[in-house]
């Protein structure tokens, strides 16, 4: 029986996926770069925050957060796109990944930090290297010395638990020669890595060794998706005195970022075509990458939207 998914806005997960029959899912650096570019796109869409990652040969690990509920949708998008690319490039057919990806809902604090350390030490435990900093396809090096290509990785939540980056490095390296707990083997009910109290709050039956059948209802863990009215209010707050045309342009981008609306649905709210929605989306993304001030304004818009959702939900 499949384990139930627990999904809600702001949830943190340790995600792992293996190649079918443990076959390689990354043949070369071009494969790895394509996978990371696809992951970065989900981050830029506002669907995921990535706190740590490692790409091995037959599998990968992510420590991620969902600003917008829907991990299953986000992972389906990522893995489906990558599998099509990989099969075409390497002239293969059939499933690339083994069954479904495996997600663990992770409690903050020591459990979150343990997953970060476990992920970053994967290459060491696999005897690929003795120092995780020597492994290119991991976020560990970015924690110590920021890498421009990995600027979409979020390090602040992890590093706020340490007085310096060096302290985080010591935290990771002190376990190089120790047997680390595998979060997936320690998971409560097979779906939660955390304390019993946390598992109970998430609706997991901790008295049963079987996968729980009770998951949080929407009343317990609401899916806080912003309405158009909330997005308009946030835009007026961050971008005062916009013309109607400029407002619609920002609204188009925000609806694509912060909701699950389709291009056709977004187009209907701004009296334009779906192709225009895609054009505006791509143009603003390009502008953000070249304009630091605009990026800061868009970051402020995201924070404002989240605040208003929490205020009015």
Principal axis box of region 117-187, alpha-carbon based, largest edge first, Å
31, 25, 21
If I model region 228-312 as equal point scatterers sitting on the Cα atoms and use the Debye formula, what is log10 I(q)/I(0) at q = 0.12, 0.15 Å⁻¹?
-0.32, -0.51
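Starting from the Cα coordinates of region 11-201, work out the convex hull volume and express it per residue in Å³. Each step should come with its number before you reach the end.
Numbers: hull volume 23.3 nm³, N = 191.
It comes to 122 Å³ per residue, whole-number rounded.
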Packing-based ranking, highest mean first, of 119-130, 42-53 given that Cβ atoms within 10 Å are counted
42-53, 119-130
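Laboratory data are not the source of any read-out in this text; all were calculated from the coordinates shown. Just so you know, these numbers come straight off a predicted model, no measurement behind them. Using ideal geometry, Cβ is built from the backbone for each residue, glycine included, and neighbour counts are taken over all protein chains shown.
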